[in-house]
Ligand SMILES: Nc1nc2c(ncn2[C@@H]2O[C@H](COP(=O)(O)OP(=O)(O)OP(=O)(O)O)[C@@H](O)[C@H]2O)c(=O)[nH]1
C-alpha cells in the first residue's frame with residue numbers, strides 16, 4: 001500500500017504505573033509491543049519518531065528494536081522530552097518539534113489496533129488549515145500539525161500539562177469511528193487485565 005503523506009509519532013515516555021512494567025516492551029507474539037507499533041506506523045507513514053522521554057529510555061528502546069526483525073524500518077527517529085516528567089503533552093511537544101513539517105499521526109505506545117480506515121478519513125479532513133483532527137475526547141490516534149509544538153511548549157512553560165487543554169486551544173475537527181474495528185483503535189493496554197484480554201482475543 002502507498003504510504004500516506006503524514007509522519008508517525010509514538011508517545012512512549014510514560015511510567016506504566018498501572019501496568020507495573022514498561023508497556024512498550026510487553027511481549028506480543030515474541031516481539032515487544034513497540035516493535036508492532038513501529039511496524040504498523042511504518043506501513044502507513046513516511047517516517048516514524050518515538051518520543052521516549054529520557055536518553056536512557058531511548059537507548060533501551062533502540063537496543064530492543066535492534067533485536068527485532070526490522071521489516072525495513074531501520075530509520076526510526078527518537079525524541080527526548082524537553083520538559084521531563086510532564087506527561088504525554090511533553091512527549092507530543094518533543095516529537096512534533098523535531099519532525100518534518102506537516103501532519104503527524106499521534107499514537108500512544110499502548111494502542112496496537114491502528115485503524116487505517118479511520119486514519120484515512122481523518123486525513124481527508126486535514127486540509128492544512130486545521131491544526132488537529134481527532135475523535136471526540138480522544139487525544140491519540142489523531143492527526144496534529146507540527147506547528148502545534150509551539151502552543152504545547154507555551155502550555156508546558158505555564159505548568160499546564162493537560163493534553164486536552166492543548167486540543168481545546170487548537171483549531172480542530174472531529175472524526176468519529178463508524179465501526180467496531182475503528183472504535184477498537186482507541187483501546188489502550190494500560191493494565192495487566194487489558195493486556196491479558198488483548199492476548200486472548
Ligand atoms: N514522552 C513522554 N511520553 C509520556 C509521558 N507520560 C506518558 N507518556 C506516554 O503517553 C501515553 C499515555 O500516557 P499514560 O497512558 O498515562 O501512560 P503512563 O504514564 O505510562 O501510564 P500510567 O503510569 O499507568 O498512568 C503513553 O504512551 C505513555 O508512554 C512523558 O512524560 N513523556
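Can you say whether residue 151 is assigned to a helix (DSSP H, G or I) and within 14 Å of the ligand (Cβ to nearest atom), as far as the supplied structure shows? No, not satisfied. For the stretch 154-184, filtering for residues that are closer than 22 Å to residue 85 by Cβ, more than 18 Å from the chain's Cα centre (by Cα) and not in a helix (DSSP H, G or I) leaves 3. Note on the stretch 64-118: residues that are part of a loop (DSSP other than H, G, I, E, B), out of contact with any strand residue (DSSP E or B) (no Cβ under 6 Å at 6 or more places or on another chain), within 23 Å of residue 155 (Cα to Cα) and within 9 Å of the ligand (Cβ to nearest atom) amount to 5.
Scanning for something more than 21 Å from residue 192 (Cβ to Cβ) and either within 15 Å of the ligand (Cβ to nearest atom) or not in a helix (DSSP H, G or I) (or both), does the stretch 28-39 turn up at least one residue? Yes: one or more hits. So, of the residues in the stretch 45-57 that are away from the ligand (no atom under 14 Å from the Cβ) and within 13 Å of the chain's Cα centre (by Cα), which turns out to be nearest to residue 86 (Cα to Cα)? Filtering the stretch 45-57 for residues that are away from the ligand (no atom under 14 Å from the Cβ) and within 13 Å of the chain's Cα centre (by Cα), the one nearest to residue 86 (Cα to Cα) comes out as 48. Please specify each residue of the stretch 1-20 satisfying the condition of being assigned to a loop (DSSP other than H, G, I, E, B), within 12 Å of the ligand (Cβ to nearest atom) and touching a helix residue (DSSP H, G or I) at 6+ places or on another chain (Cβ under 9 Å). 12, 13, 14, 16, 18, 19, 20 - these are the residues of the stretch 1-20 that are assigned to a loop (DSSP other than H, G, I, E, B), within 12 Å of the ligand (Cβ to nearest atom) and touching a helix residue (DSSP H, G or I) at 6+ places or on another chain (Cβ under 9 Å).
Give me the pairs, please: first residue somewhere in the stretch 174-190 and under 23 Å from residue 131 (Cα atoms) and touching a residue at least 12 places away in the same chain (Cβ under 8 Å), second residue anywhere and away from the ligand (no atom under 16 Å from the Cβ) and outside any loop (DSSP other than H, G, I, E, B), beta-carbon distance under 6 Å, and either six or more positions apart or on two chains. Pairs found: 175/121; 175/122; 175/125; 175/133; 177/118; 177/183; 182/118; 185/118.
Each reported figure results from applying straightforward, stated rules to the coordinates on display, with no laboratory input. This is a predicted model, so every value here is computed, not measured. Glycine also receives a Cβ, built like all others from the backbone with ideal geometry; neighbour counts cover every protein chain displayed.
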